[in-house]
Amino acid sequence: MHGGALTSAAVRSFATTMIRSTATIITVNKPGPSPLFFLISKHPFSTAAPLITHEPNINPPPPDLSGQLHYLLSKPNWQKNPSLKNLIPILSPTHLANFYSQYPNLNPQTALNFFNYLSRYPSFKPSAESYSSLLRILIPNKFFGVAEKTRILMIKACESPEDARFVLGVLRDMNNDDNDCDNGLFFKFKLSVRCYNTLLMMLARFLMIDDMKCVYFEMLDDKISPNIYTFNTMINAYCKLGNVGEAELYLNKILQAGLDPDTHTYTSFILGHCRKKDIDSAFRVFKGMVKKGCRRNEVSYNNLIHGLCEVGKLDKAMELFKKMGEDYCFPNVRTYTVLIDALCGSDRIIEALKLFDEMKEKGCDPNVHTYTVLIDGMCKDSKLDEARRLMDLMSEKRLVPNVVTYNALIDGYCKKEMVEAAFEILEVMESNNCSPNARTYNELISGFCKAKKVHKAMALLNNMLERNLSPTVVTYNLLVHGQCKEGHVDSAFRLLRLMEESNVAPDEWTYGPLVDALCIKGRVEEAHTLLDSLKDKGLKANEVIYTALIDGYCREVKVDIAFNLFERMRREDCFPSSCTYNVLIGGLCKEGKMHEASELLERMLERGVKPDVVTCSILIEQLLKDYAFDHAYAMLDKMIALGYKPDICTYTSFLLAYCNQGQLKEAEDLMVKMNKEGIRPDFMTYTALIDGYGRLGLIDRAFDTLKCMVDAGCEPSHYTYSVLVKHLLHKKHIKENVNALGLDLKSEIPSINIADVWKVMAYDTALKLFEKMTEYGYAPNLNTYNALTTGLCREGRIQEAWRLVDHMKSYGMSPSEEMYNSLINCCCKLKMHEEALQLLDNMVKHGLLPHLESYKVLVCALYDQGNNDTGKAVFCRLLECGYNHDEVAWKLLIDGLLRRELVDNCSELVDIMKRNNCQLNPQTHSMLIEGLFKRTEGT
């Protein structure tokens, strides 16, 4: 039913309802019973059962946890009490801290024994807060010896800057001369030099440099003389930050105190200089150590080797590595890992593997970090199988991969669009109790967006929030880019509103894809307005945004406006890159302004921007379109003179021109040349050659090239199959038009336009394609059927598409996700709703997730036909599939039903979402309210 029936009151009602271990055991030098420990009971504590079943219930235990503990600890032999054992599994360090705080007068020996008793359980890891609460019992009772050990352990227990600040406050409290009492209890225990040094080391761990400086001066105020450990800790902390100047002040203090700098001192300075990328100074310190009689150790070497690797001097790092033995130093796992990481980063993967083998041969066992950098290197080199084997090897060596290890492999699979394999790694990761982090999800989201499956990427946003992982600006930028890549510009803008709601500020990288997507849609003026709005948002448009808009105007053949933007870009100190110039040169070429394009190339050089291989390829491509081979080759020579090696695009332009001219010999020679130069042809190169053979009627040579293409690991594209079908159809038409006298009239048979291939292809032509493919040793695969079925569905030829699906199934193959979506959309277009529903059910049954666009088309078609109950049922099934609820609301309700003025139906489906606890972001909710009100008022 169409809009109009929904009242303002109903909308208001809708608006109100939808707003949506281990620890060190502390010992005291006093005699006492040694507690006997038992296994923790596996039975959970139940408040319904009495705590102490073997005693009369004369004085029942208090109901609160602290009261229960106090009651149990007051009993003799409390360690053996089964009721206490039942409490252990639910006791946390916070519970213990609260207990000690509520009972500050607890017997100190009992408090200490109970603390040690709990610490023996692997599940109980004392926190800084729990140590602090124990100290507030020990110090008033003058247990100073054990209190010293406890506060050292308290410092070491810090796991975050927040813990560090808490401990700093506790220590200052007990060190304060003016604070003799704490709730009536004496809490004064001056800090020792050991305590100060441990505190400084802990603060250094969290790079809390200002706090370290304050603590150092407090130490001096306490009349405690810093020792070499104190100074070295200060020096190391500053050097970690690359602040060598400040570190040198503490070196002077060492000398003023009459102390001698040691290996640790100089090694820290090597680190500091390396952090500043000042390798020469680091080498001076390294060489000076021997002159000063200070032995260099493995850490000295490791810091310098790492520094050399960081500035790209890998060969020098390898030389230093080989000289370690001269100082009786031996490479350790850190040494090898740094070098393996650098070799992988420099695409020297074979050398990295050799070093990895050498490491093991010399008895140095690789650790998790070593395996991780090698796995990451393998993934970046596209050696995913080897990377997976390395992870399996880790398990054999009883090494547990960490989140970084898993992320490296997940990222490798996602970059190759092997997202299903990436999900298998995620499952392995979770089965090994390793929790994914925000980066894990970002990599998976990136993989889905790259594979044009943004609906699955959006579903992962739900998973992140369920795991209490906050999406970052990177997460949202990936999703914005994914929506734009699939042409869903409105949904991309809605994501901006979600970012604002989540207090995530968009950056210039958020807006780049939006400007580009608007330009691709021909909405160039909107893109221009968006660029102009960035200043008000406190953002400066970057080179990517300007280039996207300049490209948009060039596509609209408005090169003058593009050049105005180019000048504005330079005025605003946003320096054009070679990519910006390439877009303008391409725009001029499209308008046939080759002279102006050449002049811009000269200006580009004058302004210090080096043309790249793309610049030259654009000019070459334009020259070749005019078949100006001599000029094209002159440009190629100029390109090589500039130091650029022609790439696949350059060669494909030449090959395409040769094929268009029927110069197949030259095209074949070019393929041989590419092979010699190590340039791997891509699907466009092979397809151009296939088309060239087809135009000359050399069908067999075309299929021979297809086989070469597949053997080279290059998957034929939809376009490749279109070209093959086009030439098969042409050959068939020629055969049919041979006259009765046997005269060949092929010169009079017009070739078929590539855009019309799927309109005219008959089923028998598809079978002929399969026959020829099989004849040349390449059996049709899922991708083949997918290309043909998608093409037929686009033209509404569902019967032919069905026949191909049946043929495919007879060979044991099942339809892909893309194929199902094409069939569903085609059925809806032809109003074959029953068939579309059946396809949808089959798809979900096979574990495939339909595109939301398919659901939108089907649900809207059902409502348009008045089949409301079925539309509602389909929508309910959709909600069980794990889609992102905001995206469901955007695409089905706002872009689907509301745009068709189906206001009542939309309101009903929103109500269904609410009843199914489908939480909507407040911004999405506002969009729905706005849409409902607008259409209600319009009626």
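The values are calculated or read from the model by the stated rules, or taken from the named source; none is laboratory data. Since we're looking at a predicted model, the values are computed, not measured. No Cβ is skipped: glycine too gets one built from the backbone with ideal geometry, and neighbour counts run over all protein chains shown.
Yes or no, residue by residue, for (1) in contact with a helix residue (DSSP H, G or I) (Cβ under 7 Å, 6 or more places away or on another chain); (2) within 19 Å of Leu624 (Cβ to Cβ); (3) modelled with pLDDT of 90 or more; (4) surrounded by 21 or more Cβ atoms within 10 Å (Cβ to Cβ):
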| residue | (1), (2), (3), (4) |
| --- | --- |
| Asp551 | yes, no, yes, yes |
| Met569 | yes, no, yes, yes |
| Ser577 | yes, no, yes, no |
| Val583 | yes, no, yes, yes |
| Gly592 | no, yes, no, no |
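Looking at (1) of a type outside the set (A, V, I, L, M); (2) under 22 Å from Phe770 (Cβ atoms); (3) surrounded by fewer than 17 Cβ atoms within 10 Å (Cβ to Cβ), which is the only condition Thr705 fails?
Condition (3) is where Thr705 drops out.
Quick check on this structure: which one of Asp392, Asp376, Asp385 is within 14 Å of the chain's Cα centre (by Cα) and either in a loop (DSSP other than H, G, I, E, B) or under 20 Å from Ala352 (Cα atoms) (or both)? Lay out the reasoning, then the answer.
On the way: Asp392 fails: within 14 Å of the chain's Cα centre (by Cα); Asp385 fails: within 14 Å of the chain's Cα centre (by Cα).
Answer to the selection: Asp376.
Which of (1) surrounded by 14 or more Cβ atoms within 10 Å (Cβ to Cβ); (2) more than 26 Å from Thr720 (Cβ to Cβ); (3) not acidic (Asp, Glu) is the odd one out, the single condition Ser653 does not satisfy?
All conditions pass for Ser653, except number (2).
Please verify whether Gly312 is surrounded by fewer than 18 Cβ atoms within 10 Å (Cβ to Cβ), part of a helix (DSSP H, G or I) and either at pLDDT below 95 or of a type in the set (Ser, Thr, Tyr) (or both), treating the condition exactly as stated.
When the stated conditions are applied, Gly312 does not pass them.
Residues that are under 19 Å from Lys707 (Cα atoms): list the helices (runs of 4 or more DSSP H) wholly contained in region 756-820 that include at least 1 such residues.
763-775, 782-794
Restrict the check to region 641-656 and report whether at least one residue is among the aliphatic types (A, V, I, L, M), outside any helix (DSSP H, G or I) and within 18 Å of Ile754 (Cβ to Cβ). Please lay out each step first, then the result.
Looking only at region 641-656, we keep the residues that are among the aliphatic types (A, V, I, L, M), and these are 641-642, 648, 655-656.
Now drop any that are not outside any helix (DSSP H, G or I), which leaves 642.
Retained after the next criterion (residues that are within 18 Å of Ile754 (Cβ to Cβ)): none.
No - not one qualifying residue is present in region 641-656.
I'm trying to understand the selection: among the residues of region 134-147, which are surrounded by 17 or more Cβ atoms within 10 Å (Cβ to Cβ) and part of a helix (DSSP H, G or I)?
Leu134, Leu135, Arg136, Ile137, Leu138, Val146, Ala147
Restricting to region 389-422, count the residues that are of a type in the set (Phe, Trp, Tyr) and surrounded by fewer than 16 Cβ atoms within 10 Å (Cβ to Cβ).
0
Examine region 925-936 for a residue that is at pLDDT below 90, basic (Lys, Arg) and touching a Gly at 6+ places or on another chain (Cβ under 6 Å), and state whether such a residue exists.
Yes, that holds for at least one residue.
Among the residues of region 224-254, what is the count of those that are surrounded by fewer than 15 Cβ atoms within 10 Å (Cβ to Cβ) and under 29 Å from Asn175 (Cα atoms)?
Residues that pass the stated criteria total 3.
Being closer than 19 Å to Thr370 by Cβ, within 30 Å of the chain's Cα centre (by Cα), crowded, with 16+ Cβ neighbours inside 10 Å and at pLDDT 95 or above, is that true of even one residue in region 265-279?
Within region 265-279 (the criterion being closer than 19 Å to Thr370 by Cβ, within 30 Å of the chain's Cα centre (by Cα), crowded, with 16+ Cβ neighbours inside 10 Å and at pLDDT 95 or above), the answer is no, since none of the residues qualifies.
Give the residues of region 200-215 that are in contact with a Pro (Cβ under 7 Å, 6 or more places away or on another chain) and crowded, with 19+ Cβ neighbours inside 10 Å, sorted by residue number. Break it down into steps so the answer makes sense when it comes.
From region 200-215, those in contact with a Pro (Cβ under 7 Å, 6 or more places away or on another chain) are 206, 208; that's our starting set.
Result: Met208, single match.
Among the residues of region 569-577, is there at least one that is within 18 Å of Val609 (Cβ to Cβ), among the polar types (S, T, N, Q) and in a helix (DSSP H, G or I)? Before you say what the answer is, go through the steps one by one.
Step one: filter region 569-577 for residues within 18 Å of Val609 (Cβ to Cβ), giving 569-577.
Add one more test, that the residue is among the polar types (S, T, N, Q), and what stays is 577.
Next, only the ones that are in a helix (DSSP H, G or I) stay: none.
Within region 569-577 (the criterion being within 18 Å of Val609 (Cβ to Cβ), among the polar types (S, T, N, Q) and in a helix (DSSP H, G or I)), the answer is no, since none of the residues qualifies.
When you go through Cys793, Cys714 one by one, which is the residue that is modelled with pLDDT under 95 and hydrophobic (A, V, I, L, M, F, W, C)? Don't jump to the end; show me each part of the working.
Values: Cys793 fails: modelled with pLDDT under 95.
Unique residue meeting the criteria: Cys714.
Being among the basic types (Lys, Arg), loosely packed, with under 15 Cβ neighbours inside 10 Å and farther than 24 Å from Gly896 by Cα is true for just one of Lys521, Lys540. Which residue is that?
It is Lys540.
Going through Glu508, Glu526 one at a time, which residue ends up being within 19 Å of Lys485 (Cβ to Cβ), surrounded by fewer than 20 Cβ atoms within 10 Å (Cβ to Cβ) and at pLDDT 95 or above?
Being within 19 Å of Lys485 (Cβ to Cβ), surrounded by fewer than 20 Cβ atoms within 10 Å (Cβ to Cβ) and at pLDDT 95 or above holds for just one of Glu508, Glu526, which is Glu526.
Here's the yes/no breakdown for (1) at pLDDT below 95; (2) assigned to a helix (DSSP H, G or I); (3) polar (S, T, N, Q); (4) not assigned by TED's automatic domain parsing to the domain that holds Ser133:
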| site | (1), (2), (3), (4) |
| --- | --- |
| Phe166 | no, yes, no, no |
| Met174 | yes, yes, no, no |
| Asn179 | yes, no, yes, no |
| Tyr196 | no, yes, no, yes |
| Leu203 | no, yes, no, yes |
| Tyr216 | no, yes, no, yes |
| Met219 | no, yes, no, yes |
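Name the single residue that is farthest from the chain's Cα centre (by Cα) among those in region 464-495 being crowded, with 17+ Cβ neighbours inside 10 Å and small (Gly, Ala, Ser).
Per the stated criteria, the residue is Ser491.
Among the residues of region 849-868, is there at least one that is surrounded by 15 or more Cβ atoms within 10 Å (Cβ to Cβ), in contact with a Phe, Trp or Tyr (Cβ under 9 Å, 6 or more places away or on another chain) and small (Gly, Ala, Ser)?
Looking through region 849-868, at least one residue is surrounded by 15 or more Cβ atoms within 10 Å (Cβ to Cβ), in contact with a Phe, Trp or Tyr (Cβ under 9 Å, 6 or more places away or on another chain) and small (Gly, Ala, Ser).
Go through region 429-453 and give me each residue that's surrounded by fewer than 17 Cβ atoms within 10 Å (Cβ to Cβ) and either outside any loop (DSSP other than H, G, I, E, B) or within 11 Å of the chain's Cα centre (by Cα) (or both).
Residues satisfying the conditions are Glu430, Ser431, Asn437, Ala438.
Quick one: what pairs do we get from region 226-250, first residue closer than 13 Å to Pro261 by Cα, second in a loop (DSSP other than H, G, I, E, B), C-beta under 7 Å, 6+ apart or different chains?
Ile228/Leu259; Ile228/Asp262
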